[in-house]
Amino acid sequence: MELFLQQLLQGFKFGSIYALIALGYTMVYGVLRLINFAHGDVFMLGAMLSIFFARWTGWGTRPSWLALAGILALAMAACALIGALIERLAYRPLRNASRLSLLITAIGVSLFIENAGQLPGVFGATPRAFPSLVETRPWITWGTLTISNVEALVIGVSLALTGALHFFVQRTRIGLAMRAVAFDFRTASLMGIHVNRVIGWTFMLGSALAGAAGVLYGLSYPAIDPLSGFLPGIKAFVAAVLGGIGSIPGAFVGGIIIGEAETLTAGYLSSTYKDAIAFLILIVVLLVKPSGLLGRKVVEKV
Amino acid sequence: MLSVENVSVHYGAIHALKGVSLQVHAGEIVALIGANGTGKSSLLRAISGLTPPSEGAIVFQGTHAIHRLPPHEIVGLGIAHVPEGRAIFANFTVEENLMAGAYLRHDRLEIAEDLEWIFGIFPRLKERRRQSAATLSGGEQQMLAISRALMGRPRLLLLDEPSLGLAPIIVQSIFKTIRQINAQGATILLVEQNAHMALHAAARGYVIQTGQIVMEGPSAELLASKRVRQFYLGET
Ligand SMILES: Nc1ncnc2c1ncn2[C@@H]1O[C@H](COP(=O)(O)OP(=O)(O)OP(=O)(O)O)[C@@H](O)[C@H]1O
Ligand SMILES: [Mg+2]
């Protein structure tokens with residue numbers, strides 16, 4: 001029983017990280033109807049750049065909550081910039097092109113980041129060690145079940161960021177503009193909304209969340225290489241589809257389910273199947289309920 | 001206030017507007033009437049920037065040449081376009097739709113006042129303010145689309161077939177509202193197939209045929225003319 005609970009907790013932790021990445025997929029899909037395949041790589045950059053930020057600031061050698069908060073902020077800002085840059089350089093020129101061209105471009109951006117990152121002068125292909133920004137220690141203990149401070153932090157940060165994003169999108173003026181753009185570019189522009197600018201903000205927000213996810217991931221899997229974004233990216237994409245692509249609460253729920261499913265698979269079946277379970281879930285969702293758990297019926301944009 | 005000068009619009013090889021000129025003066029309701037596919041919507045889209053003209057100029061308030069500007073900047077100058085088919089945000093509540101119309105404004109208190117003013121004109125919208133806009137009836141959606149445009153406090157309101165698909169009694173009330181908001185200061189360019197209603201609401205009118213203005217003048221004259229009576233009022 002304790003083992004099971006410990007597994008659930010572990011699954012929830014990884015699920016929260018997938019959820020944070022999934023939010024970016026879902027937001028970008030919302031405004032552009034694009035599966036931004038480069039999103040997993042932005043997540044990787046968040047983790048990778050944090051290694052450098054920690055070195056430059058010296059925060060990597062003196063673990064503290066403040067150091068962690070500082071790295072989190074830097075990673076989010078850097079990824080926001082990268083997201084804006086990708087949108088500006090790769091996607092905006094294709095605003096009136098077909099969705100297929102856009103999709104192929106996204107795959108191209110992803111391949112570019114993954115492969116350029118492996119060049120010796122960039123990050124290199126060998127994994128780099130993620131600094132221990134906080135010392136892991138038990139936080140709460142119930143009998144044999146222990147929640148560590150890092151687990152609590154990962155889950156707490158991702159819940160807080162998801163909540164903040166939901167509030168932002170539902171309650172603020174910019175959130176309203178994002179939802180208007182997601183509905184229809186032309187009608188949004190007739191409200192005085194600068195559509196391209198709002199799309200840029202959407203990429204920045206989604207990428208910042210991926211940056212945060214990168215730091216949280218580094219705390220648990222402290223070896224990062226330029227391909228580290230690939231599998232988490234795909235799993236988060238499945239999470240977004242499972243939750244209902246375009247839906248923010250859906251992305252969170254989907255992330256948690258994927259995290260739990262893979263942890264339980266590894267724990268009770270075999271860790272060989274751990275990475276396959278997400279694909280199995282994707283196939284089932286696409287067959288049974290393509291609109292996802294919390295998704296609205298997909299309305300084609302004209 | 002608005003001067004459309006020799007404007008042409010092309011869609012690929014289709015020449016939808018062929019050198020259209022038209023004037024709207026401050027405070028007026030001007031009607032643009034014409035049959036299906038004659039270019040009425042194309043003209044409104046050219047003014048609001050959705051379909052930039054291929055030739056000609058559009059000047060707003062004497063100084064702003066707006067025919068090269070993107071739609072969001074044209075809205076910012078005070079031109080609101082209620083498109084054909086309403087295009088309300090179906091994923092929003094009624095109130096969120098209205099707030100979207102006020103997107104460029106920052107005067108919170110006055111926005112709240114305007115919201116009450118709108119609810120005074122359309123009590124139906126007040127009752128349904130927290131309801132999804134998709135659940136509104138056609139007439140209510142048209143009221144919402146007009147109200148959303150008014151929330152931007154436009155100087156000029158472009159209305160594209162507000163009577164489209166509505167029962168006669170609803171059309172009556174929509175036109176009553178159009179006159180009411182005009183009386184409160186809004187200048188209106190009204191596109192209609194319903195020539196009778198439009199010319200009764202407007203002081204002046206233009207008749208468009210295959211992308212060209214073929215008649216213009218005071219509404220009373222147009223209503224009296226044989227051509228308008230035959231082609232647009234269905235008299236024999
Ligand atoms: N996006 C477009 N692409 C190609 N042709 C178009 C497009 N929009 C309009 N047209 C053509 O331009 C002409 C004018 O269309 P427009 O919509 O302006 O007419 P309208 O007077 O508003 O008609 P209706 O009364 O039916 O709304 C039509 O022949 C139409 O088929
Ligand atoms: Mg039309």
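The values are calculated or read from the model by the stated rules, or taken from the named source; none is laboratory data. Since this is a predicted model, take the numbers as computed values, not measurements. Cβ sites come from the backbone with ideal geometry, for glycine too, and all protein chains shown count toward neighbours. Heavy atoms of the whole protein, side chains included, go into the accessibility calculation; ligands, DNA and RNA do not. Shrake-Rupley method; radii C 1.70, N 1.55, O 1.52, S 1.80 Å.
A few notes on this one:
- Of the criteria (1) within 15 Å of the chain's Cα centre (by Cα); (2) within 22 Å of B:Ala195 (Cβ to Cβ), which one B:Ala16 fails: (1)
- Failed item in (1) away from every other protein chain (no Cβ under 14 Å); (2) within 26 Å of A:Val195 (Cα to Cα); (3) touching a Ser or Thr at 6+ places or on another chain (Cβ under 7 Å); (4) within 14 Å of ligand 1 (Cβ to nearest atom), with B:Thr51 passing the rest: (1)
- Residue within the stretch A:166-174 that is away from chain B (no Cβ under 14 Å), farther than 30 Å from B:Leu150 by Cα and part of a helix (DSSP H, G or I) present: no
- A:Leu20 assigned to a loop (DSSP other than H, G, I, E, B), open to solvent by less than 10 Å² (accessible area, probe 1.4 Å) and not polar (S, T, N, Q): no
- Condition check for B:Val20: assigned to a strand (DSSP E or B), open to solvent by less than 20 Å² (accessible area, probe 1.4 Å) and away from ligand 1 (no atom under 13 Å from the Cβ): no
- When each of A:Leu94, A:Leu100, A:Leu165, A:Leu159 is tested for being without any contact (Cβ under 8 Å) to a residue 24 or more places away in the chain, touching a helix residue (DSSP H, G or I) at 6+ places or on another chain (Cβ under 8 Å) and under 29 Å from B:Asn91 (Cβ atoms), the lone residue that passes is A:Leu94.
- Selection of first residues in the stretch B:14-42 that are within 14 Å of chain A (Cβ to nearest Cβ) and of second residues that are in a loop (DSSP other than H, G, I, E, B) and more than 6 Å from ligand 1 (Cβ to nearest atom), restricted to Cβ pairs under 6 Å at least 6 apart or on distinct chains, gives an empty result.
- Residue within the stretch B:67-79 that is within 14 Å of chain A (Cβ to nearest Cβ), in a loop (DSSP other than H, G, I, E, B) and under 21 Å from B:Ile178 (Cα atoms) present: yes
- Total residues in the stretch B:134-168, condition touching a strand residue (DSSP E or B) at 6+ places or on another chain (Cβ under 7 Å), under 17 Å from B:Glu84 (Cα atoms) and either open to solvent by 30 Å² or more (accessible area, probe 1.4 Å) or away from ligand 2 (no atom under 16 Å from the Cβ) (or both): 4
- For B:Ser42, the conditions (1) more than 12 Å from ligand 2 (Cβ to nearest atom); (2) under 18 Å from B:Leu159 (Cα atoms) all hold with the exception of (1).
- Of all residues in the stretch B:164-174, those satisfying the criterion of being within 16 Å of ligand 1 (Cβ to nearest atom) and part of a loop (DSSP other than H, G, I, E, B) are B:Leu164, B:Gly165, B:Leu166.
- Selection from the stretch A:186-208 of residues that are of a type in the set (A, V, I, L, M), facing another protein chain (nearest Cβ under 10 Å) and open to solvent by 10 Å² or more (accessible area, probe 1.4 Å): A:Leu190, A:Met191, A:Val195
- Residues that are among the aromatic types (Phe, Trp, Tyr) number at least 2 in the following helices (runs of 4 or more DSSP H) confined to the stretch A:183-261: A:195-220, A:230-243.
- Filter pass, B:Gly49 being crowded, with 18+ Cβ neighbours inside 10 Å and touching a strand residue (DSSP E or B) at 6+ places or on another chain (Cβ under 7 Å): no
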